[in-house]
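The values are calculated or read from the model by the stated rules, or taken from the named source; none is laboratory data. Quick caveat: nothing in here was measured; it's all calculated off a predicted structure. In this analysis, Cβ positions are derived from the backbone assuming ideal geometry, glycine residues included, and neighbour counts consider all displayed protein chains.
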Amino acid sequence: MTRFDRVGEHGRRGVVTLASIEPALLGSGATRWERSAEALHAQGRLGTDDVERIVRLSLFGRLIGNSDMHWGNIAFHAAGGTLFLAPAYDMLPMLFAPTRSGELPHRELSLPAPPPGHESAWREALQAALQYWYDVALDDGLSPAFRSLCEDCGARLARLGDRFA
């Protein structure tokens with residue numbers, strides 16, 4: 001596997017999170033990745049393709065219950081003053097993670113409707129999320145109860161997709 005953060009045999013490509021970029025370059029206090037991405041694009045620091053990827057990634061995260069999409073969980077590398085989105089990491093359904101005390105409280109996945117202006121990105125994220133829930137539900141390494149929960153999330157997501165087809 002080729003790592004995105006390596007150049008040649010011994011070189012490294014620096015990576016910086018949105019947690020560092022936002023206050024330094026924007027200071028907007030935006031609450032969603034896509035708003036920060038749009039602001040960086042308006043400054044000429046981020047390309048259109050990466051803004052679209054961030055929108056899809058953000059929507060995908062919400063469709064799989066990633067309740068931990070903070071600015072430290074999205075990163076960029078830079079070249080010539082332009083930022084480029086780094087590969088996604090820490091993208092998982094944290095909504096269903098145990099509490100610090102180990103409890104597994106019942107939580108419902110909140111499924112967002114397509115946001116105005118991002119309907120196409122939402123459909124793409126929806127397809128990826130449906131595949132995600134399908135694959136996770138088939139993972140024999142997970143408990144039967146969690147696999148059942150994943151099946152339910154996938155079914156609910158499919159019904160939502162049907163409503164907005």
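Among the charged types (D, E, K, R), in a loop (DSSP other than H, G, I, E, B), modelled with pLDDT of 90 or more and farther than 28 Å from T17 by Cβ: is that true of D152 in this structure? Criteria not met by D152.
For A128, the conditions (1) closer than 30 Å to R12 by Cα; (2) modelled with pLDDT of 95 or more all hold with the exception of (1). Annotation: D162 fulfils all but one of (1) surrounded by 10 or more Cβ atoms within 10 Å (Cβ to Cβ); (2) of a type outside the set (G, A, S); (3) not in a loop (DSSP other than H, G, I, E, B); the unmet one is (1). Scanning region 107-121 for residues that are outside any loop (DSSP other than H, G, I, E, B) and loosely packed, with under 10 Cβ neighbours inside 10 Å yields no hits at all. The residue that is nearest to R6 (Cα to Cα), counting only those in region 88-106 that are surrounded by 10 or more Cβ atoms within 10 Å (Cβ to Cβ) and out of contact with any Asp or Glu (no Cβ under 9 Å at 6 or more places or on another chain), is A88. Anything in region 53-81 that is surrounded by fewer than 18 Cβ atoms within 10 Å (Cβ to Cβ) and at pLDDT 95 or above? List them, or say none. R53 - this is the single residue of region 53-81 that is surrounded by fewer than 18 Cβ atoms within 10 Å (Cβ to Cβ) and at pLDDT 95 or above.
When residues in region 35-49 are screened for being closer than 25 Å to Y132 by Cβ and buried (at least 20 other Cβ atoms within 10 Å of the Cβ), 2 of them pass. Regarding region 131-146, can at least one residue be identified that is within 16 Å of the chain's Cα centre (by Cα) and in contact (Cβ under 8 Å) with a residue 12 or more places away in the chain? Yes, region 131-146 contains a residue that is within 16 Å of the chain's Cα centre (by Cα) and in contact (Cβ under 8 Å) with a residue 12 or more places away in the chain.
For the criterion of being within 17 Å of R56 (Cα to Cα) and crowded, with 16+ Cβ neighbours inside 10 Å, L126 passes. Candidates E38, E34: the one that is within 30 Å of F146 (Cβ to Cβ) and of a type outside the set (S, T, N, Q) is E34.
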